[in-house]
Amino acid sequence: MWFVERYIGKLKSNVRNKARPEGSIAEAFLADECMTFCSRYIVGFETKHNLPLQNEDNDEWVGHHDIAHGSRLFPHSGNPLGKPRNYVLSGVAKVQAHRYVLFNCSDVNSYLRAHADEITNGRNLNPDVVERIQNDKFHEWFQAHIKKLEKENGIHNIEKDIRLLARGPVNAAKTYCAFNSRGYHFRPKRLDKETQNSGVMVTAKTSSYASAHDANPVLRDVTYYGRVIDIVELNYSGQFSVCSQKQE
């Protein structure tokens, strides 16, 4: 509808006395204006001027949800919605989810560089080879490396969240039916019948190769598109949790 037609429909809904439609509309309009004026001086109450957004993900507005306390490593980025369901991570899915968390944590970048230096060890390896090795082995190396540092330097000299992150998530996870993040509402594909909120897009830095024999890849932004299959909350030893989306 055009905005004028929508507004006329709103005015017509204010008619309570069909014998005096103009008077009903005038009284309703005056009452709405008075309430709007008074609401500007009311503090601590929800009015039309401070209503949260439809997909608000601020903790101040969103009700309590069943999620562990956050971590400094992963600042607030949204809120899961609905009653959680228990979910058991299988071997491959657990490794993939944990690897995604590691590769998207800025505090782990220094360990990624140390692992890459250990792989090359002065050799001139193709960056593609280093990336493949890190995808397969980094989570195991990271866990062993943190344990080694704990023995050498003491457990108190390593940040607690880093130690918990190195251990990996527990097998018991949770899934949710929806997730609000940065003003957007996401739903898994199986539950997205009408709203079409399961589509996602991300622009990531990706090494691009001209051919299979290209030894000088170029790092550039590549756009990926997908559909949300599941919204999974990973639990790291019951101390903090990270929500991730399983996509296709």
Exercise. Taking segment 198-215 as the search range and keeping residues that are under 18 Å from Asn104 (Cβ atoms) and of a type in the set (A, V, I, L, M), which one is surrounded by the most Cβ atoms within 10 Å (Cβ to Cβ)?
Worked result: Val200
Problem set entry | The one condition in (1) out of contact with any Lys or Arg (no Cβ under 9 Å at 6 or more places or on another chain); (2) in the same structural domain as His139 (by TED's automatic domain parsing); (3) at pLDDT below 90 that Ala93 fails to fulfil | (1)
Exercise. If the Cβ limit is 8 Å and pairs must be 6+ apart or interchain, which residue in segment 1-21 that is free of Cβ contacts under 8 Å to residues at least 60 places away in the same chain pairs with which residue that is of a type in the set (Phe, Trp, Tyr)?
Worked result: Leu11/Phe29; Asn14/Phe29
For this session: Among the residues of segment 198-248, count how many are touching a residue at least 24 places away in the same chain (Cβ under 8 Å), farther than 25 Å from Leu165 by Cα and not in a strand (DSSP E or B).
Result: 5
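Residue-wise test of (1) surrounded by 14 or more Cβ atoms within 10 Å (Cβ to Cβ); (2) of a type in the set (Phe, Trp, Tyr); (3) touching a helix residue (DSSP H, G or I) at 6+ places or on another chain (Cβ under 7 Å); (4) modelled with pLDDT of 90 or more.
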| position | (1), (2), (3), (4) |
| --- | --- |
| Arg132 | no, no, no, no |
| Phe138 | yes, yes, yes, yes |
| His145 | yes, no, yes, yes |
| Lys148 | no, no, no, yes |
| Glu152 | no, no, no, no |
| Asn157 | no, no, no, no |
| Ile162 | yes, no, yes, yes |
| Ala166 | yes, no, yes, yes |
For this session: Report, ordered by the first and then the second residue, all pairs with beta carbons closer than 8 Å, sequence separation of six or more or different chains, a first member in segment 109-120 that is farther than 10 Å from Gln134 by Cβ, and a second member that is β-branched (Val, Ile, Thr).
Result: Thr120/Val130
Exercise. Within the group Leu125, Leu112, Leu73, which residue is within 28 Å of the chain's Cα centre (by Cα) and either farther than 16 Å from Glu233 by Cα or among the aromatic types (Phe, Trp, Tyr) (or both)?
Worked result: Leu112
For this session: Considering each of Glu27, Glu46 in turn, give the residue that is of a type outside the set (A, V, I, L, M), surrounded by 11 or more Cβ atoms within 10 Å (Cβ to Cβ) and within 30 Å of Gly183 (Cβ to Cβ).
Result: Glu46
For this session: Could you please find all residues in segment 186-197 being crowded, with 16+ Cβ neighbours inside 10 Å and part of a loop (DSSP other than H, G, I, E, B)?
Result: Arg187, Pro188, Asp192, Asn197
Problem set entry | Residues satisfying the stated conditions in segment 128-182, i.e. within 23 Å of the chain's Cα centre (by Cα), among the acidic types (Asp, Glu) and not in a helix (DSSP H, G or I) | none
Seminar exercise, completed: Expected output for segment 86-97 (first residue more than 12 Å from Pro169 (Cβ to Cβ), partner surrounded by fewer than 16 Cβ atoms within 10 Å (Cβ to Cβ), Cβ below 6 Å, 6+ apart or cross-chain) is none
Exercise. In segment 96-127, what residues are modelled with pLDDT under 85 and either within 25 Å of Ala210 (Cβ to Cβ) or assigned to a helix (DSSP H, G or I) (or both)?
Worked result: Arg123, Asn124, Leu125, Asn126, Pro127
Exercise. Could we say that Asp192 is closer than 30 Å to Lys83 by Cβ and modelled with pLDDT under 85 here?
Worked result: yes
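The values are calculated or read from the model by the stated rules, or taken from the named source; none is laboratory data. Remember, predicted model here, so these are calculated numbers, not experimental data. Note: ideal-geometry Cβ built from the backbone for every residue, glycine included; neighbour counts use all protein chains shown.
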